[in-house]
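The values are calculated or read from the model by the stated rules, or taken from the named source; none is laboratory data. Please read all numbers here as calculations on a predicted model, not as lab measurements. Reconstructed Cβ throughout: ideal geometry from the backbone, glycine too, with neighbour counts over all protein chains shown.
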Amino acid sequence: MQKIKVLIVDDSAVVRSILKDGLGKCPDIEIVDTAPDPYIARDRIIQHSPDVLTLDVEMPRMDGVTFLEKLMKSHPMPVIILSTLTPAGCSTAMRALELGAIEVMHKPSLDVATRLNEMIEQLANAIRAGYAAKRRFVGGYKPLSATVRRGSPVSASMLKTTDRVVAIGASTGGTEALRLLLPALPATFPGVVLTQHMPAIFTKSFADSLARVCAMDVQEAKDGDTVRSGLILIAPGNYHMVLRRSGARYYVEIKEGPMVFYQRPSVEVLFDSVAKYAGSNAVGVMLTGMGRDGAMGLRHMRDAGAHTIAQDEATCVVYGMPRAAVEVGAVVQSVALGDIPDMLIQHLAKD
């Protein structure tokens, strides 16, 4: 079995040691080297040609985001960002995603040894997702916006928004996909409930960044929020979001609970609740991501009468979750990312 070659870049010797030891126990991962700063990392990238890089953003001499920007121009590769949960860290992480990082993960600042060891399996899965996305970086990194095509604009004037709910799930590559999909939706679009795999606190920054470019309102969801036309609700990190209904009103419940498919929030949890409470009044959309989270939930939505769409393989960063949904018969249409907004508007206008 060919192992995934990983270079760890972090200014903390403790973090480098813990990650090297923990990830080194994964049979499909090889830690080829570590580096304490971007300058040394540059030389070790040339020396080892790693498949995936883990990158701290708070480092001396050169910060991780500046290094990432240079890396994507000179030696593009899948990069997983490790960042602390601070307001500055959130802002930096959002910038890293814009520059081409495929994933952001929380690096603990307290009880580092215990908490880093607890996240090894999640980091290993992110590395596997990065490796699966490696083809995207061959020949130079291109932003997704430069590779997807857009169809002819469809009029949103006939949208029927009463009692309609659009549920979206995404993981690896989803932040970039959502930055293309959501701004294309009109202010009159039906209410959207969205689960994107992302650490706690980062979801607030992500929602705020989307709000600046979308015609719809965008908010990190709070318990009891009403799902209404013109509003996108994003599941908060580390909490599941479920849809509920009271009479004619849809609302969301934010709750704790065990991880599902190693995730909290889980797309599966959201989609199952949409199938139960919205049925044929819903539309489900599965975007890029690693693993199987949400596949059976989307199937349950289709069985309940919902229209279901999956992002096609050509425009996915990682065609894992959409593939799993297709395999279980959950998908009515597989659609290029750039065509999903028009497809949604067309479907909701004709129903």
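Table for the structure above
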| quantity | calculated |
| --- | --- |
| Among (1) surrounded by fewer than 19 Cβ atoms within 10 Å (Cβ to Cβ); (2) basic (Lys, Arg); (3) closer than 17 Å to ILE120 by Cα, the one test that ARG16 misses | (1) |
| Pair list, Cβ < 9 Å and 6+ apart or interchain, from region 122-145 residues that are of a type in the set (S, T, N, Q) to residues that are at pLDDT below 90 and assigned to a loop (DSSP other than H, G, I, E, B) | GLN122/TYR262; ASN125/TYR262 |
| Exclusive hit being farther than 22 Å from LEU185 by Cβ, in contact with a Ser or Thr (Cβ under 7 Å, 6 or more places away or on another chain) and assigned by TED's automatic domain parsing to the domain that holds ARG264, set MET290, MET296, MET321 | MET290 |
| Extreme residue, farthest from the chain's Cα centre (by Cα), among residues of region 297-325 that are buried (at least 18 other Cβ atoms within 10 Å of the Cβ), among the aliphatic types (A, V, I, L, M) and assigned to a helix (DSSP H, G or I) | MET301 |
| Residues being in a helix (DSSP H, G or I), within 16 Å of the chain's Cα centre (by Cα) and among the small types (Gly, Ala, Ser) - total across region 161-208 | 4 |
| Checking GLY279 against (1) of a type in the set (Gly, Ala, Ser); (2) without any contact (Cβ under 8 Å) to a residue 40 or more places away in the chain; (3) under 28 Å from GLU118 (Cβ atoms), the condition it does not meet | (3) |
| Listing of helices (runs of 4 or more DSSP H) fully contained in region 1-114 that carry 2 or more residues being under 26 Å from GLY140 (Cα atoms) and over 25 Å from the mean Cα position of the chain (by Cα) | 38-48 |
| Qualifying residue in region 200-208 (condition: modelled with pLDDT of 95 or more and out of contact with any Asp or Glu (no Cβ under 9 Å at 6 or more places or on another chain)) | no |
| Residue that is nearest to VAL218 (Cα to Cα) [pool: residues in region 236-255 that are of a type in the set (Ser, Thr, Tyr) and either at pLDDT below 95 or not in a strand (DSSP E or B) (or both)] | TYR239 |
| Candidate set from region 201-221 (those that are of a type in the set (A, V, I, L, M) and touching a strand residue (DSSP E or B) at 6+ places or on another chain (Cβ under 7 Å)); member that is surrounded by the fewest Cβ atoms within 10 Å (Cβ to Cβ) | ALA211 |
| Lone unmet requirement of (1) modelled with pLDDT of 95 or more; (2) within 30 Å of GLU121 (Cβ to Cβ); (3) more than 15 Å from the chain's Cα centre (by Cα) for MET259 | (1) |
| Count - residues of region 105-130 that are within 27 Å of SER74 (Cα to Cα) and in contact with a Pro (Cβ under 7 Å, 6 or more places away or on another chain) | 3 |
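The rows are residues; the columns are (1) surrounded by fewer than 24 Cβ atoms within 10 Å (Cβ to Cβ); (2) of a type in the set (Gly, Ala, Ser).
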position	(1), (2)
GLY247	yes, yes
GLU253	yes, no
ASN281	yes, no
GLY289	no, yes
ASP293	no, no
